[in-house]
Every structure is written in structure tokens, then in C-alpha cells.
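To keep things clear, I will list the structure first and then write my remarks on it.
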Amino acid sequence: MPKYRSAIIGCGGRAYGHANAYQQIPQAELVACANRSDTARREKFVETFGITGYADAAQMLRTEQPDLVHLVAMPDQWRELIPMVSELGVPACIVEKPIACGVSDWRFLCELEARTHTKFGVGKQFRWHPGLIGCREAVQNGELGEVSFLDFSCGMNLAAQGTHIIDWAMFLNDDSPIVRVFGTASGSELFDSDYPAPDTTSCQVLFENGVYGFWNTGWTSPRVTDDAAVHTHCRVTAHGETGYVRFEEFAGWQIVSTEKIENHQTTPDEWRANNDLAQARLTQAMFDWLEDDTRPVETNLKLALHQFNAVLGIYASALSHQPIDIPFEPPDDLDARLREILSRS
């Protein structure tokens, strides 16, 4: 009999990836879902997975008492849902990225993270993707010599994919903290989207271990596939003394060193399988954390808040035209000021 019970809040497309992961986690079962705004969507999800559906998420949590809840709603709903999960005493929770939409959200979550008993992880599942793991192993094994530069970019904006790829870069760089950003931004149209952020950003990053990086988001970033779909153009490359590794989510990965040359092209079926595998491994890591407090999930809320502090640092740098040391305390109106300035151009 499964040891853990799980529930999902939100029944959209990404929720299916979270639910499919349970086919690979025999010690846990998905028992319920909640979706307030779309009855047909909720009913379809219930039928697909054979679970109980609720219109009210709080009622679901009180009734089902899950060990782990997945928050797979849109970012503008986190401010309501994350504290609810914490206050109702759910032991663990995976939140989809980004965890904040601006300064107010970030500050609120910093305060919650300091006091909550809920173990919060963020849905940056690619740390558990076989291709990215292989690239990291090549770095850690010294196959590239000393790494000096990271290049990471995505076709979507800083809120939609940018917090994903900074996590890829930090994963390849032994999670060395970000200590400085020097960036610029353009375009205000996407501030009114589901993932509010400038249309494009470009930023030089300095990590604590002395490695530099270039963080590029939006339509100015390199195209890495032949697909016109904007979400397919995400990648990270780590350059070392004697080679490099490159991971591209929808294209494949490369490991080039004096010891070997490995090129792998990803098929659509393999992409889906690896994405489900990575999600299952992230979910399993949350259960491991429940069993052992000394094993926090790698994509924990504290790290995600550090990464979003760097996002806010880019905003401040774009306004001041100066490098920003991280961590830094952003003014309350930072994102509003950036939006106002960018909307004039």
C-alpha cells in the first residue's frame, strides 16, 4: 500500500506532467485534485486519473490530508495558495515556477519561508533530467578542466523560462550563489501576460566561485531549434579549459572534451519520457525530504528566492545602469518603475 498521499491544485496542461509522475513512484498515490474556475477541466482530470475532484482547494486539503500537494495554477494565484498550504499544515508542497511576479511577492515569500513548517520545493525538474545530469557529471569529473564561463538563454521572458535556466546554470556550477548582476531590459508588452516581466533581458552574472555567466531571455536570445515555437529555444552551456557541455531541452546535449565527444539528439517521444522521469525524480526527492530533514530538495524555496532576488537585481541594474550586488534589498516600487520606463520606449 502506498505510504504517501498527494493532491494537485490546478488541472491544466502542466498538471498532467505532475500526475503522470506517479506511475513511477510506487510509494505514493495521487488521490485528489482541485480546480475552482473550470468544472469541465476538473472533471476531465478526475476521469483521467481516477481521483476525487474538488471545487475548493482548502476543502480538499482539510478532507484528504495529503502529505504532498502540487500547486500547478498560474503565478498570480501563488500569493493566495502558498500561505493557505502552509497554514493548513500540509507537510510538503511543489510550486510551479516562477515563485514570484515582483518585489511584493518576493518579500512576502521570504517572510513565509522563514517561519513555515511546510517543506516547499519549486518545479524546476530539469535537475533530474538524464541529459543535464550527464553534463553536470562531466563538469564535476573534471573532464572540462576548470569552468570559467556559463552561457544560458531562453526564447521566453525572464518570468516564463528565465528562472528555469538560471537553475540549470547553477546546477552545472555546483550551486555557487549569485553575487552580482549587470543587466539591461527592453519591452513592456509582456508585463501584461501570465508571466509578467520585460520582453527581453540580457545580463552578465558573477557567481561566488568566480565563474562568470551570460543570462539572455526573450526574442533577442539565440534560436537553438528549427521550431518557430518560442518555448523551444532554451539552453545552457558550460565552457571549461579543455571543452564544454551544452544542454538544449528540445534539441539534445553535447559533451566535448579531450576524453570524449558525445552528441545526442532528442526526439519528441524521448523529450516527453525524460520530462516525466525528471518530474518523478523531483517528486521522489520531496518524499525523501519528508523522511529526512537533512536532505532538502535541491530546488527548494530558499534557493528559488535567491534566484528571484537576482531577477530583481537585473531590474535595478536596468534602471540604474550599474552592477547590483546580490543579495540586495529592492525598493517596493522597483518592478512598477521598470515597467513605466520601458513602456515609454
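Coordinate-derived values only; no laboratory data. Here the structure is a predicted model, which is why all the values come from computation and not from measurement. Quick reminder, even Gly has a Cβ in these numbers, built from the backbone with ideal geometry, and neighbours come from all protein chains shown.
Observations on the structure shown:
- For peptides 47-56, 166-175, sequence by mean Cβ density within 10 Å, most packed first: 166-175, 47-56
- Over the range 187-345, equivalent-ellipsoid semi-axes from the Cα gyration tensor in Å: 30, 22, 19
- Under the span-like rule (Cα at least 18 Å along the axis, Kyte-Doolittle mean at least -1.0), DSSP H helices of the chain: 103-115, 268-291, 301-320
- The chain: Cys lacking any partner C-beta under 4.7 angstrom: CYS11, CYS33, CYS93, CYS101, CYS110, CYS135, CYS203
- Fraction in percent of alpha-carbon pairs per bin - 10 Å, the range 150-225: 21, 50, 25, 3
- Kirkwood-Stokes translational diffusion coefficient of the range 1-46, alpha-carbon pairs, 37 °C, 0.692 mPa s, µm²/s: 298
- P(r), alpha carbons of the range 128-266 - 10 Å bins starting at zero, rounded %: 13, 42, 34, 10, 1
- In nm, spacing of pseudo-spin labels at SER186 and HIS231 (7 Å Cα→C-beta vector): 2.6
- Take every pair of alpha-carbon atoms less than 8 Å apart whose residues are at least six positions apart; their mean separation over the length of the chain yields a relative contact order of 18 percent.
- Secondary-structure-derived ellipticity at 222 nm for the chain, considering helices only, amounts to -11500 deg cm²/dmol, per-run term -39500 (n - 2.57) for DSSP H runs with n ≥ 4.
- Reciprocal of mean inverse Cα separation for the chain (Kirkwood radius, Å): 20.7
- Share of Cα-Cα pairs in the range 241-325 lying beyond 16 Å, as whole percent: 73
- Positive minus negative residues near LEU277 (Lys, Arg vs Asp, Glu; Cβ under 13 Å): 0
- Per-residue Cβ neighbour counts within 10 Å put LYS97, LYS119, LYS124 in the sequence LYS119, LYS97, LYS124, beginning with the fewest.
- Relative to one another, the C-alpha centroids of the range 176-227 and the range 315-344 are positioned 14 Å apart.
- Exposure proxy for ARG5, ARG235, ARG136: other Cβ atoms within 10 Å of each Cβ, ordered fewest to most, give ARG5, ARG136, ARG235.
- Order of HIS239, HIS233, HIS321, HIS264 - criterion: other Cβ atoms within 10 Å of each residue's Cβ, fewest first: HIS321, HIS264, HIS239, HIS233
- Note on the chain: lysine pairs with Cα distance below 21 Å, sequence gap of 8 or more or different chains, count 6.
- Convex hull volume per residue, computed on the Cα atoms of the range 292-345, equals 97 Å³.
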